[in-house]
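The values are calculated or read from the model by the stated rules, or taken from the named source; none is laboratory data. Keep in mind that this is a model prediction, so the values were computed, not measured. Cβ atoms come from the backbone with ideal geometry, glycine included; neighbour counts cover every protein chain shown.
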């Protein structure tokens with residue numbers, strides 16, 4: 001069964017059981033309203049649904065099913081092994097105050113084992129974990145009983161592990177603690193135990209009889225997790241008490257890539273149909289073999305295509321910084337494969353990704369040309385940066401690093417005695433985009449020429465850790481901006497911030513009026529002091545253009561026009577002429593804010609709000625700065641007084 005069929009079977013199975021299919025939300029949390037303010041990307045299937053899991057009504061009802069695109073880059077340096085990915089898809093079905101454990105557990109096992117509608121997996125190869133009870137919350141006896149009941153439908157008797165989490169014979173249910181089988185978003189709020197489903201990838205007919213400690217079996221890869229159902233039945237108060245919710249929710253997640261591995265009997269996701277066409281292209285162009293490098297290129301091209309499609313452009317901060325790193329890593333590892341024309345490779349691989357996923361994500365086709373353009377532009381910039389390694393400035397930095405490293409001492413206890421400063425190296429990495437691995441390689445090349453030998457391993461680790469600390473601090477600073485991305489860049493909901501939010505809509509409309517319809521929003525940030533608006537435009541604005549934009553906005557303010565809000569479907573919003581970067585959000589009903597009469601509006605945008613009720617409340621609008629952010633993206637900072 002290929003990945004497309006798994007995806008479709010999942011959606012249809014739950015649609016038949018009363019769930020509404022909703023499309024994936026954006027990879028960018030800024031494109032929907034969530035309380036999780038610090039995320040640069042959507043990292044889990046439940047993230048876009050947090051408001052609804054907290055009680056907000058969903059326009060699609062109380063039963064929902066989706067396939068959510070996700071991105072995690074915390075383990076990016078581990079990509080290349082047999083299990084780490086950056087981009088992945090999560091299958092999820094949700095009960096928002098509707099059904100609970102009975103239906104959820106029954107449907108989970110049914111989908112996994114049903115040959116006609118589901119995956120048709122062998123029920124004898126499943127092992128389940130449940131919450132064992134802690135902090136005054138009892139063991140999840142209901143889930144245990146339900147698993148026994150549903151296994152009995154397959155004539156399978158199961159028992160519960162009571163000691164050492166040991167699987168043997170009929171023991172298939174393992175109660176585990178809060179670290180493994182309890183979920184909460186933050187320190188307080190809705191929460192509850194979960195039950196996880198693990199599958200024996202070999203089966204006793206292909207491997208030894210399954211027996212051993214649960215953790216060891218998972219670590220060895222003999223059993224792998226395929227599904228997780230979270231039963232949110234409590235609310236944890238600020239003082240640490242757990243109270244029963246009036247209407248509990250169910251939040252489930254099943255990784256498409258991991259499920260595909262199981263269904264196709266492979267050792268890892270890179271051997272499944274998800275990556276088959278990508279590797280075929282790489283194989284046709286490489287002159288050297290390096291499995292890790294091939295996997296990095298394959299993984300990163302998927303991530304880059306989806307990021308660019310969702311509006312990310314390469315930059316030195318926030319999401320753009322991640323995209324830049326992903327593209328440049330892909331190019332560097334492609335070089336290590338001896339690929340002569342990496343531009344042609346990126347072009348062809350991007351096309352393969354679009355064709356592979358276009359049925360599930362039609363927007364990929366719409367933005368295919370832009371994706372390829374961004375990939376090739378960033379590769380060109382990277383090539384220019386790499387030439388910096390041939391400059392006297394770079395050579396000077398390398399020689400200084402070699403001298404500094406030679407001064408490092410390792411004491412008799414293995415400790416490092418050093419005042420090594422890596423600022424120059426980090427600045428090259430950050431400003432020029434030259435990977436630390438390339439810098440390290442250059443240092444060793446020069447050391448070898450000077451017959452010094454490579455950097456000792458313990459000193460190399462110390463050196464890399466210092467740079468990693470610098471990179472980590474930079475990422476943390478980058479996230480400061482992302483913390484204000486929720487609610488469309490609105491950092492607060494005070495009177496001044498709300499005025500700036502409405503002024504941003506007028507600015508967007510004015511830019512399109514003055515510069516042309518190619519202008520599209522790339523990001524915004526609003527504080528009580530000013531608004532910041534990023535937009536697509538290829539060149540610096542003239543003073544005359546800036547004056548026209550100011551006059552346009554102030555003219556609308558002077559007209560004292562009403563600002564109204566209507567809820568409608570995404571299609572209705574598009575047909576009405578509404579603008580917005582948020583039209584790819586999962587929710588079928590959106591809010592559209594209109595400035596002026598609907599038939600003759602000055603601005604109409606999809607937005608989560610809030611806004612002033614009349615433009616007369618805004619005051620005088622003034623642009624204080626216009627500058628470049630990245631290639632093809634400009635930034636305006638403006639105030640109202």
Check: How many residues, within the range 153-174, are touching a helix residue (DSSP H, G or I) at 6+ places or on another chain (Cβ under 8 Å) and not in a loop (DSSP other than H, G, I, E, B)?
Finding: 6
Notebook entry, point to check: Where residues in the range 514-534 are over 11 Å from residue 637 (Cα atoms) and crowded, with 22+ Cβ neighbours inside 10 Å, which of them is modelled with the lowest pLDDT?
Noted result: 523
Note to self: Take residue 371 and tell me if it is under 22 Å from residue 89 (Cα atoms) and either surrounded by 21 or more Cβ atoms within 10 Å (Cβ to Cβ) or out of contact with any helix residue (DSSP H, G or I) (no Cβ under 7 Å at 6 or more places or on another chain) (or both).
What the structure shows: yes
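Quick check, is residue 77 at pLDDT below 95, surrounded by fewer than 19 Cβ atoms within 10 Å (Cβ to Cβ), within 30 Å of the chain's Cα centre (by Cα) and assigned to a helix (DSSP H, G or I)? Show your work before the answer.
Values: at pLDDT below 95: yes; surrounded by fewer than 19 Cβ atoms within 10 Å (Cβ to Cβ): yes; within 30 Å of the chain's Cα centre (by Cα): yes; assigned to a helix (DSSP H, G or I): yes.
Criteria met by residue 77.
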Notebook entry, point to check: Of all residues in the range 203-243, how many are in a helix (DSSP H, G or I), under 29 Å from the mean Cα position of the chain (by Cα) and without any contact (Cβ under 8 Å) to a residue 40 or more places away in the chain?
Noted result: 3
Check: residue 350 is checked against (1) within 30 Å of residue 446 (Cα to Cα); (2) at pLDDT 85 or above; (3) touching a helix residue (DSSP H, G or I) at 6+ places or on another chain (Cβ under 7 Å) and fails just one. What number does that condition carry?
Finding: (1)
Next item on the list: Give the range 549-568 a look and list any residue that's in a helix (DSSP H, G or I) and in contact with a helix residue (DSSP H, G or I) (Cβ under 6 Å, 6 or more places away or on another chain), or say none.
Entry: 549, 552, 553, 556, 557
Notebook entry, point to check: Only one of (1) closer than 30 Å to residue 52 by Cα; (2) free of Cβ contacts under 8 Å to residues at least 24 places away in the same chain is not met by residue 266, so which one is it?
Noted result: (1)
Margin query: I'd like to know if the range 90-103 contains one or more residues that are within 25 Å of residue 171 (Cβ to Cβ), over 24 Å from the mean Cα position of the chain (by Cα), surrounded by fewer than 17 Cβ atoms within 10 Å (Cβ to Cβ) and in contact (Cβ under 8 Å) with a residue 40 or more places away in the chain.
Written below: yes
Notebook entry, point to check: Residue check, residue 130 against (1) in a helix (DSSP H, G or I); (2) touching a helix residue (DSSP H, G or I) at 6+ places or on another chain (Cβ under 6 Å), all met but one. Which one?
Noted result: (1)
Check: So how many residues does the range 541-583 have that are under 20 Å from residue 511 (Cβ atoms), in contact with a strand residue (DSSP E or B) (Cβ under 7 Å, 6 or more places away or on another chain) and modelled with pLDDT of 85 or more?
Finding: 10
Next item on the list: Considering every residue within the range 244-267, establish whether at least one is surrounded by 15 or more Cβ atoms within 10 Å (Cβ to Cβ) and assigned to a loop (DSSP other than H, G, I, E, B).
Entry: yes
